[in-house]
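Please read the structure below before turning to the comments.
The values are calculated or read from the model by the stated rules, or taken from the named source; none is laboratory data. What you are looking at is a predicted structure, and each value in this text was computed from that prediction instead of being measured. Cβ placement follows ideal geometry from the backbone for every residue including glycine, while neighbour counts extend to all protein chains displayed. To get the accessible areas, we keep the full protein, side chains included, count just its heavy atoms, and leave off ligands, DNA and RNA. Shrake-Rupley method; radii C 1.70, N 1.55, O 1.52, S 1.80 Å.
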Amino acid sequence: MSREAPARFCERRRVRFPPPTHLVVLVDGTRQDTEALHEEIAQVIAPVGLRLSPAKTQVVHLSEGFDFLGFHIQWRRKRGTNKWYVYTFIADRPLRSVKAKIRHLTHRTSQQDLAVVLINLNRITHGWANYFRHAVAKHVFSKLDDLVWWRLVRLLRTRHHWSWSDVRRRLTTPTGRWLPISADGIELRKISAIPVTRYRYRGNKIPTPWALATT
């Protein structure tokens, strides 16, 4: 599009698309069918001040997948079956971004108060995870939990000169169960505790200003 930036869809009336806006069009047909729609799409979006950017307008098969608003949407075969479904994954870029933020907050030589570090970690990771909780994200959330925990343990070992025995003594119960890392009443919250839910298909229930073709 001519004005690019992430935008969430909103179905309420009298809500404007914030400039700039992305547009994704999915069609059922061949590549030639898709390219034939180019002019028609341009005419539809022109009245709202948008135009297709030749440099950023792509035609891809759904099996190749594409990134949209931080998600990677792709048609794949369901593991263990011969059935194919469209899946929504977390794209690589936002995953790299949140990992970079985690590493920045948990540098081993950081002198920031642990409670402040935990507050910032909880805010960043849970805000990020709540946005992506409708994707295929359970495994990613668990891996991020591991990354955060190990980064914090490394920070604490460097700061307090703990051995691994010190870590186990301070972060486990007498029965050997691991305790959450905490400081001043602030507890590290697990990202994987956020429930992952799928969007339900409701495409035919969304209002449209355009008349549907009848056969």
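Results, tabulated for the structure shown:
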quantity: Residue list for the range 85-128, restricted to those being under 15 Å from Ala183 (Cα atoms) and not hydroxyl-bearing (Ser, Thr, Tyr); calculated: Gln111, Gln112, Asp113, Leu114, Ala115, Val116, Val117, Leu118, Ile119, Asn120, Leu121, Asn122
quantity: The listed residue being modelled with pLDDT under 95 and open to solvent by 50 Å² or more (accessible area, probe 1.4 Å), out of Lys138, Lys101; calculated: Lys138
quantity: Scope the range 154-179; condition in a loop (DSSP other than H, G, I, E, B), loosely packed, with under 12 Cβ neighbours inside 10 Å and at negative phi; matching residues; calculated: Ser163, Thr173, Pro174, Thr175, Arg177, Leu179
quantity: First in the range 51-77 and farther than 23 Å from Ser97 by Cα and touching a residue at least 24 places away in the same chain (Cβ under 8 Å), second anywhere and part of a strand (DSSP E or B) and among the hydrophobic types (A, V, I, L, M, F, W, C), Cβ under 6 Å, 6 or more apart; calculated: Leu62/Trp75
quantity: Within the range 46-87, considering residues that are open to solvent by less than 50 Å² (accessible area, probe 1.4 Å) and outside any loop (DSSP other than H, G, I, E, B), the one nearest to Gly127 (Cα to Cα); calculated: Phe71
